[in-house]
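Take a look at the structure set out below.
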Amino acid sequence: MPQKGTNIFVPIGILWGTAMFLGLCYLWFTDAFSNSLSELYLIPWVAALGVVVLAPSIYLFYIGKFDLFHPLVYAAWTYIFPAFVIGGVLLNLDLVDWYFLSFIEDPRYNLPLTVVYIGIGFIGLTIGYFLPIGRIFAETLEKRLPTWDWQPDHIWGAGIVLLLIGIGANALAFIQGLVGFQRAETVDIFDGLISFLLIVFTAGIVLLWIGVFSAEKRTGIYYLVIALLVFFIPIRMSLLGSRSSLVITLIPIVFAYIASGRKLKPKPTAIFATLALAGVFVGVVYGTTFRKLKGSESRMKAGDYFGQVVATWDFISTQNPAVIFEDGLQALAQRVENLSSVAVVVSNYEKLAPYEESYGLQNNIVNDFYTSFIPRFVWPDKPGTSNPRTYSELYFEFGDNSFAISPFADLLRNFGVIGIPLGMLILGIYLRLIYVMFMETASPAIWKKVAYFLLLTCVSYEAFYGTILPTIIRTAFVLAVALSFANLLARKGKLKGMARERV
């Protein structure tokens, strides 16, 4: 039975219920809702998918083990349910209007079929997670992990240093055109290394927030760290120009709150849920406005880019709030809905398969697996097989954008229908491995929680399946180096603390 104090669904239900009620009230006064009542053929299918996707969360809640950052819960709530269940509803109500909807042949057949494929894939993910294979591997590997013992009061220096290194990596990546709403015209041999050094920034953020929520003494460094962390929230959102950048900054804070041993009772849950809802909306409004004003992903000088940031905020501040709200709702609907982009692949992958080789996309999962172990600075001419631009050009006839593909569609392209459950089953085994090894462990440690967060969130459910393994390998390597360095700093902090106590 569920444990007392874990009923976090009440404030979440009230919050999202209110949001849905307001949304329906808005739709009531538009033609979109009334015109779609006779065409709700997709609703039963997405409702069934919703049951499949939320089933693990309900089961974990029932047995008292619900955790927002449980791999199956995280995958369901942060992407799969919003993108495909809510997105499917938005699509069926004609609240999104993509030009590529015409690419979906026989929508009444291919859209429900897409929902079925996603459901099969999530079932495969769930089965893979609950198979004992991941747990067995985790228990074997855990014995080889370091026994670092970091105390909250001794990690400030390590966290700040990691944060500063991450800031340097971000600055270098910004100059190279690797972050922000811009695109590098050429690929440098060290671009991949720079991109993965950005992990150090997130590691520093998570480590410091865990320190904030775990600290017993609120000293000057405590308040300095909070000020530093809060300062980077709007800065990061403004520079990235991404519609999801603000809510992404909230996720590490919520994780750190839970990882520090605090319980998500109704009040803090309602606060976090409200902030998440506001963060999604504000981020979508800013990101959409920024991209419209900038116009394209062309490179800009740093000064001009910062000027674009200022111009965006100035534009938003002078607009009619009602117009901003309406435009924000439309942009949010477009950002959430990703069922249609997967349906384009479901409808066309067999027809376009002969052309994939000329676009460098054929067998991208297997090719990425083979080449992922060799860095680009060792193999400068290494082919980039999972290229979102060429994929977008082939399937969406527009190569200047990166359309979501999702692991489900990538597995379908490479191996057919059978590849979807099998590929997601393998991913489920990996998720069980990291959860048991770093979270369900008999020897919990701060560094394990930091590692778990990075290894969990590096799995993207709107990208190629073929990029998952290379991303995991590179993330694990960078984490191993960064956390080893942080351990040296944490040990020095511990020794200094012991010296002060003796004095």
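The values are calculated or read from the model by the stated rules, or taken from the named source; none is laboratory data. This structure is a prediction, so every number in the text was calculated from the model and none was measured. Cβ coordinates were reconstructed from backbone atoms using ideal geometry, including for glycine residues, and neighbour counts include every protein chain displayed.
For I420, state whether it is under 14 Å from L72 (Cβ atoms) and either assigned to a loop (DSSP other than H, G, I, E, B) or not assigned by TED's automatic domain parsing to the domain that holds T114 (or both).
Details: under 14 Å from L72 (Cβ atoms): no; either assigned to a loop (DSSP other than H, G, I, E, B) or not assigned by TED's automatic domain parsing to the domain that holds T114 (or both): yes.
No, not satisfied.
When each of D94, D67 is tested for being closer than 19 Å to L427 by Cβ and outside any helix (DSSP H, G or I), the lone residue that passes is D67.
The selection criterion, being modelled with pLDDT under 90 and out of contact with any His (no Cβ under 6 Å at 6 or more places or on another chain), holds for F398. Here region 144-189 is the region considered, the condition is being among the charged types (D, E, K, R) and at pLDDT below 90, and the residue that is nearest to I434 (Cα to Cα) is D149.
One line per residue, one yes/no per condition, for (1) crowded, with 16+ Cβ neighbours inside 10 Å; (2) within 30 Å of L95 (Cα to Cα); (3) out of contact with any Cys (no Cβ under 9 Å at 6 or more places or on another chain); (4) modelled with pLDDT under 90:
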position	(1), (2), (3), (4)
E337	yes, yes, yes, no
V342	yes, yes, yes, no
V346	yes, yes, yes, no
Y349	yes, yes, yes, no
D368	yes, no, yes, yes
P383	no, no, yes, yes
P388	yes, yes, yes, yes
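Among the criteria (1) surrounded by 18 or more Cβ atoms within 10 Å (Cβ to Cβ); (2) in a helix (DSSP H, G or I), the one Y461 does not fulfil is (2). Taking each residue of region 199-218 that is under 15 Å from L250 (Cα atoms) and looking for partners that are among the charged types (D, E, K, R) and not in a helix (DSSP H, G or I) with beta-carbon atoms closer than 7 Å, six or more apart or interchain, yields F213/R262. Mind counting the residues in region 351-362 that are buried (at least 16 other Cβ atoms within 10 Å of the Cβ) and without any contact (Cβ under 8 Å) to a residue 40 or more places away in the chain? Qualifying residue count for the region: 3.
A quick yes/no check of all residues on (1) under 25 Å from F66 (Cα atoms); (2) at pLDDT 90 or above; (3) in a helix (DSSP H, G or I):
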{"residue": "I426", "(1), (2), (3)": "yes, yes, yes"}
{"residue": "E440", "(1), (2), (3)": "yes, yes, no"}
{"residue": "Y452", "(1), (2), (3)": "yes, yes, yes"}
{"residue": "A482", "(1), (2), (3)": "no, yes, yes"}
{"residue": "A486", "(1), (2), (3)": "no, yes, yes"}
{"residue": "A490", "(1), (2), (3)": "no, no, yes"}
{"residue": "G497", "(1), (2), (3)": "no, no, yes"}
